[in-house]
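So the structure is just underneath, and the comments pick up after that.
The values are calculated or read from the model by the stated rules, or taken from the named source; none is laboratory data. Worth saying up front: this structure is predicted, and the values here are computed from it rather than measured. Reconstructed Cβ throughout: ideal geometry from the backbone, glycine too, with neighbour counts over all protein chains shown. What goes into the accessible areas is simple: the full protein's heavy atoms, side chains included, and nothing from ligands, DNA or RNA. Shrake-Rupley method; radii C 1.70, N 1.55, O 1.52, S 1.80 Å.
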Amino acid sequence: MVLLRFLMKIYILGIESSCDDTSAAVISNDVICSNIIAGQEVHQLFGGVVPELASRAHQQNIIPVIDTAVKKANIQKNQLSAIAFTRGPGLLGSLLVGTSFAKAMALGLNIPLIEVNHLQAHIMAHFIRNETHTNPIPEFPFLCLTVSGGHTQIVVIRENFEMQIIGKTIDDAAGETFDKAAKIMGLPYPGGPAIDGLAKQGDPLRFSFARPVIPGLDFSFSGLKTSILYFLRDRLKEDPEFIEKNRPDLSASIQTTIIDILIQKLRKAADQTGIREIAIAGGVSANSGLRQALASARDRFGWKIYIPPLEYSTDNAAMIAIAGYFKFLKGDFSNQKVTPFASEK
Ligand code: KG4
Ligand code: ZN
């Protein structure tokens, strides 16, 4: 297989449709050629993703997005070596669109079909190389804090796909906490980027919120969500304009609390495992405060840190394509009977 890797140029088309982004990417071996993402503004009206609307939008977007990804990669469809797609976890209706399309396209082109786990793909995004091969790639074993809208996990990665979850949230995810807090403050969905932007002008120490006391490496965010809700409810009774007057300070204080919880557990995981190669992944890894906190942890604790480029932090198909590439090298293919799954078994 190693020889194959050097002799052949493998082109993998990745398809991601697990939530509200329709994305397609082409990778040539481990070097990215194109990564097209169509977001869905329709959900903003509802302050969160509406699954039925997401599936319909995927249905509309999928052909133009794939067509653009293949054209931008400057290849013909018949040069593709395999099709990789997100099998789960995610919204079932959304996953069905990408899965059905991937199956049909692989069958039509008579090439292998490769299923990819969305959460593993977020981690695998760290192996995407740029054209000059100058970006740093983590060395095994490394730790990854995967923080997205639906998940918060600390994972030990010993080899490609040899991943062990050593800590996870027992209730809500970090991204969900950003989104919920933003919704209470009247900010648009998704809330993470909105809070991130406002936090830059705010005082992170102005307000304090309940921090969970959870043993081991697990996380909990439901208490923090409730603490934010009750705090704002009480302040609004005294001053109905409390939120409008304090949005930047509220955003900075909430963001800092979430980041402190994440970094504290990551530190514990690094100490317990003795691993100093530390990565972050998932939508919340786009957060500028978390990126800064990780950079300062690198200096304080002697970590080597890996932060994905913004376009590979939030949902994207480049991460599906790179995971597909490594599965292709192993000959790890799916058959036409494969069906998507909404949550991990
Ligand atoms: O990985 P992702 O795109 O989708 C899932 O797999 O869930 O993550 C989406 C989550 C949302 O909760 C969103 O608010 C959060 O990532 N997010 C951020 C930022 N950008 C996206 N959270 C904090 N700061 C950001 N800059
Ligand atoms: Zn994701």
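Qualifying trypsin sites (Lys or Arg not before Pro) in region 115-222, where qualification requires a DSSP coil assignment and no more than 13 other C-beta atoms within 10 Å, comprise 200, 206. Each Lys or Arg adds one and each Asp or Glu subtracts one; over the other residues with Cβ under 12 Å from the Cβ of residue 260, this totals +3. Pairs from the table (237/265; 168/268; 168/200) lying more than 24 angstrom apart at Cα are 237/265; 168/200.
Solvent-accessible surface of the chain, taken per residue with a 1.4 Å probe and all protein chains present: 45 Å². Remark: spin-label model distance residue 41-residue 206 equals 3.0 nm, labels positioned 7 Å along the Cα→Cβ axis. With a Förster radius of 30 Å applied to the beta-carbon distance between residue 131 and residue 301, the computed FRET efficiency rounds to 0.40.
Both the radius of gyration and Dmax for the chain are 20.5, 70 Å, in that order, over alpha-carbon atoms.
Which loop-located chymotrypsin sites (Phe, Trp or Tyr not before Pro) does region 1-73 contain, where loop means any DSSP state but H, G, I, E or B and the Cβ has at most 12 other Cβ atoms within 10 Å? Let's see the in-between values first.
On the way: sites: 6, 11, 46; in loops: none.
Those that pass, being in a loop and sparsely packed, number zero.
At 222 nm, what value in deg cm²/dmol follows for the chain if DSSP H runs of at least 4 each add -39500 (n - 2.57) and the sum is divided by all its residues, to the nearest 500?
For the chain, the value works out to -14000 deg cm²/dmol.
If you average the C-alpha positions of region 150-204 and of region 236-270 separately, how far apart do those two centres end up, in angstrom? The two parts, judged by their Cα centres, are 12 Å apart.
Residue 278: net charge of surrounding residues, Cβ under 11 Å, Lys/Arg +1, Asp/Glu -1, itself excluded? Can you show the working numbers first?
Working: positive: 267, 276, 298, 304; negative: 277.
Overall, the nearby charge balance is +3.
Determine the share of region 7-98's accessible area contributed by carbon and sulfur atoms, expressed in whole percent, with a 1.4 angstrom probe. Before the final figure, lay out the partial values.
On the way: 2060 of 3870 Å².
The computed percentage sits at 53.
Bridgeable lysines around residue 9 (alpha carbons under 29 Å apart, same-chain partners fewer than 8 residues away excluded): 71, 72, 77, 103, 327, 330, 337. Among complete DSSP H helices in the chain, those whose alpha-carbon atoms stretch at least 20 Å along the helix's long axis and whose mean Kyte-Doolittle hydropathy reaches 0.5 are 92-109.
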